[in-house]
Amino acid sequence: QEPQVSGLPEYIKIVEVGPRDGLQNEKVIVPTDIKIELINRLSKTGVPAVEVTSFVSSKWVPQMADHKEVMRGIERHPGVQYPVLTPNLQGFHSAIAAGATEVSVFGAASESFSKMNINCSIEESMEKFDEVAKSARNLNIPVRGYVSCALGCPYEGNIIPAKVAEVSKRLYSMGCYEISLGDTIGVGTPGSMKKMLEAVMKEIPLAALAVHCHDTYGQALANILTAIQMGVSVVDSSVSGLGGCPYAKGATGNVATEDVIYMLNGLGINTGVNLYAVMEAGNFICTALNKRTNSKVAQACFNTGTIK
Amino acid sequence: VPLCQVSTAAAAGAYPKRVKVVEVGPRDGLQNEKNVVPTPVKINLINMLSETGLQVIEATSFVSPKWVPQMADHTEVMQGINKVPGISYPVLTPNLKGFQAAVAAGAKEVSIFGAASEMFTQKNINCSIEESLERFHEVMAAARAASIPVRGYVSCVLGCPYEGKISAAKVAEVSKKLYSMGCYEISLGDTIGVGTPGSMREMLTMVMKEVPVGALAVHCHDTYGQALANILVALQMGVAVVDASVAGLGGCPYAQGASGNVATEDLVYMLNGLGIHTGVDLQKLMDTGTFICNALNRRTNSKVSQASCRL
């Protein structure tokens with residue numbers, strides 16, 4: 001590990017989204033006990049947050065049908081948060097009943113994406129989330145807000161930074177403690193990341209921002225680097241780069257946690273995460289899914305015999 | 001230069017306005033592919049690359065076929081390709097004999113390979129760094145006499161498969177020697193892809209004390225997925241020449257099954273997004289990548305290509 005480079009955050013919080021965002025976009029339905037095992041292994045890697053599951057209707061997302069069992073079945077490690085997705089009040093109540101202590105809501109910076117994904121306008125979705133946020137506040141449950149399509153939309157193409165800032169501000173004002181800006185289809189580059197963050201940073205304090213970069217066009221680490229150079233200190237990633245892109249068949253999706261940690265280690269930035277432990281969790285889930293890892297670090301380490 | 005100052009410069013829009021992309025697929029790429037590629041396929045690959053807007057295409061290597069069977073057809077390739085005016089087709093020449101063969105075959109630019117690691121040099125070419133540089137004196141003298149530009153490569157600049165960590169001072173020392181010998185450009189190679197933006201910054205800071213940034217290039221391997229992030233930092237520090245390989249051809253000989261070169265398509269995608277001019281037509285580049293991957297019967301390593309392919 002190298003001495004800390006001045007100007008970059010000293011610590012970066014990694015939000016591990018593999019069990020939810022990752023598995024949700026994997027074709028193979030994963031048995032409940034495998035999901036639980038994966039989450040338990042991730043809990044031991046040092047990541048401070050693991051996104052566990054999604055309280056959506058199993059009709060829409062069959063992979064997350066076992067949300068209650070997963071939530072009840074996992075070990076809860078001290079110092080680790082276990083957020084779950086709750087698209088509406090019903091999902092929220094269900095999540096709380098199952099023991100959730102943090103929830104997330106998903107907005108989008110694109111009207112078309114919002115309509116195609118959750119069948120309502122951005123404004124309508126914000127009203128639903130507001131209900132969730134109010135109930136959450138009453139129960140002292142923190143809420144994380146996601147903004148999808150922050151750097152481009154599969155339907156609308158280019159997304160203007162001002163729109164991302166507007167939606168982010170809405171979510172922040174309703175009480176979300178953190179806003180995760182998602183490059184949903186991975187089309188962003190350091191150029192568009194910088195412009196988008198400049199617009200959002202006018203509305204939201206830096207400390208409340210996270211980036212959720214997809215690696216569909218290989219740009220994720222460069223985009224994350226750009227974000228952290230601008231002071232962002234929360235990064236979402238997915239063990240083994242689980243989760244393909246539903247909009248580009250055969251293409252990759254989430255950035256791999258291993259590859260992010262490798263970069264941050266090289267920059268001397270503290271994450272608290274044990275890279276080898278993540279690689280082992282990645283090896284576990286890839287074996288269970290019978291697939292190759294999407295993490296280049298894992299590929300390189302397994303192939304040089306550094307990890308057996 | 002501290003990374004915060006670098007990022008301020010970047011935030012102020014201080015990326016280079018133009019970047020020269022040096023395409024190494026036909027040489028570095030194919031050299032590290034298992035399947036031996038027939039000569040006509042190599043020639044077609046280079047001809048297709050010549051249509052993409054790339055200004056520099058590393059064509060082949062004048063080494064003994066005993067060492068590098070993939071490059072055994074170097075003379076035929078050199079003589080068979082369309083040499084498009086305005087495009088440079090450098091070739092590797094490890095010694096005087098190779099240089100002479102290259103020139104006889106029509107080469108107008110050559111490259112020589114040094115390393116920042118003693119052990120790597122020993123294992124790779126069976127001599128010390130100092131001895132390797134001495135061998136190159138002959139090539140430099142002959143090149144100067146023939147007015148042939150020479151590009152110098154430094155391998156293992158961010159780490160060595162045998163020695164592990166490599167000191168930035170050593171990289172600077174070897175780079176300076178190559179530059180002083182007369183190389184017009186020094187390409188700094190992260191041979192096993194272990195570098196990160198932190199080590200890239202540190203290494204470049206030292207090298208830039210000895211070699212002007214206008215004479216520097218980076219040659220990043222993507223074995224650990226760090227290539228584009230490393231290239232981004234190099235650009236922020238003023239480097240404006242980047243090596244890459246179409247379709248990310250060329251695995252890593254030190255990590256079986258792992259990837260090697262960064263894909264030219266992914267690099268150009270990033271540079272386009274930064275508004276940096278390259279002159280390269282991304283679609284034509286992707287088509288060329290598709291061609292060579294079909295010929296090699298393998299999947300592309302370029303994520304841009306994968307994403308754009310609607311199966």
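The values are calculated or read from the model by the stated rules, or taken from the named source; none is laboratory data. Worth saying up front: this structure is predicted, and the values here are computed from it rather than measured. As a convention, Cβ positions derive from the backbone with ideal geometry for all residues, glycine included, and neighbour counts pool all protein chains shown.
What tally of residues in the stretch B:271-311 results from selecting those that are more than 14 Å from chain A (Cβ to nearest Cβ), in a loop (DSSP other than H, G, I, E, B) and over 20 Å from the mean Cα position of the chain (by Cα)?
2
Looking only at the stretch B:239-258, filter to residues that are in contact with a strand residue (DSSP E or B) (Cβ under 8 Å, 6 or more places away or on another chain) and within 13 Å of chain A (Cβ to nearest Cβ); which one of those is surrounded by the most Cβ atoms within 10 Å (Cβ to Cβ)?
B:244
Which one is modelled with the lowest pLDDT among residues in the stretch A:17-58 that are charged (D, E, K, R) and under 18 Å from the mean Cα position of the chain (by Cα)?
Only one residue fits best here, namely A:26.
Select from the stretch B:44-68 the residues that are of a type in the set (Val, Ile, Thr) and more than 12 Å from residue B:89 (Cα to Cα) and write down the one among them that is surrounded by the most Cβ atoms within 10 Å (Cβ to Cβ).
The qualifying residue surrounded by the most Cβ atoms within 10 Å (Cβ to Cβ) is B:52.
Among the residues of the stretch B:145-158, is any closer than 24 Å to residue B:226 by Cβ and β-branched (Val, Ile, Thr)?
Yes; the residues of the stretch B:145-158 include at least one that is closer than 24 Å to residue B:226 by Cβ and β-branched (Val, Ile, Thr).
Applying the selection to the stretch A:246-272, what residues are facing another protein chain (nearest Cβ under 7 Å) and in a loop (DSSP other than H, G, I, E, B)?
A:248, A:249, A:250, A:251, A:252, A:267, A:268
What are the residues in the stretch B:38-71 that are at pLDDT 95 or above and in a loop (DSSP other than H, G, I, E, B), if any?
If the condition is that a residue be at pLDDT 95 or above and in a loop (DSSP other than H, G, I, E, B), then B:38, B:51, B:52, B:53, B:54, B:55, B:58, B:59, B:62 are the ones that fit.
Would you mention how many residues in the stretch B:221-238 are β-branched (Val, Ile, Thr) and either in a helix (DSSP H, G or I) or more than 7 Å from every other protein chain (Cβ to nearest Cβ) (or both)? Reasoning before the result, please.
Let us first name the residues in the stretch B:221-238 that are β-branched (Val, Ile, Thr), namely B:223, B:231, B:233.
So of that shortlist, the ones also either in a helix (DSSP H, G or I) or more than 7 Å from every other protein chain (Cβ to nearest Cβ) (or both) come out as B:231, B:233.
Number of matching residues: 2.
Just to check your reading of the model, which residue among A:223, A:303, A:283 is more than 18 Å from the chain's Cα centre (by Cα) and at pLDDT 95 or above?
Every option except A:283 fails the conditions.
So which residues in the stretch A:201-230 are part of a loop (DSSP other than H, G, I, E, B), within 9 Å of chain B (Cβ to nearest Cβ) and farther than 19 Å from residue B:304 by Cα, if there are any at all? Steps first, answer last, please.
Taking the stretch A:201-230 first, the residues part of a loop (DSSP other than H, G, I, E, B) are A:201-205, A:215-219, A:230.
Subsequent filtering for residues that are within 9 Å of chain B (Cβ to nearest Cβ) retains A:215-219, A:230.
If the condition is that a residue be part of a loop (DSSP other than H, G, I, E, B), within 9 Å of chain B (Cβ to nearest Cβ) and farther than 19 Å from residue B:304 by Cα, then A:230 is the only one that fits.
Give me the pairs, please: first residue somewhere in the stretch A:168-188 and more than 14 Å from chain B (Cβ to nearest Cβ), second residue anywhere and among the acidic types (Asp, Glu) and in a helix (DSSP H, G or I), beta-carbon distance under 6 Å, and either six or more positions apart or on two chains.
Once the first residue is more than 14 Å from chain B (Cβ to nearest Cβ) and sits in the stretch A:168-188, its partners that are among the acidic types (Asp, Glu) and in a helix (DSSP H, G or I) give A:174/A:130.
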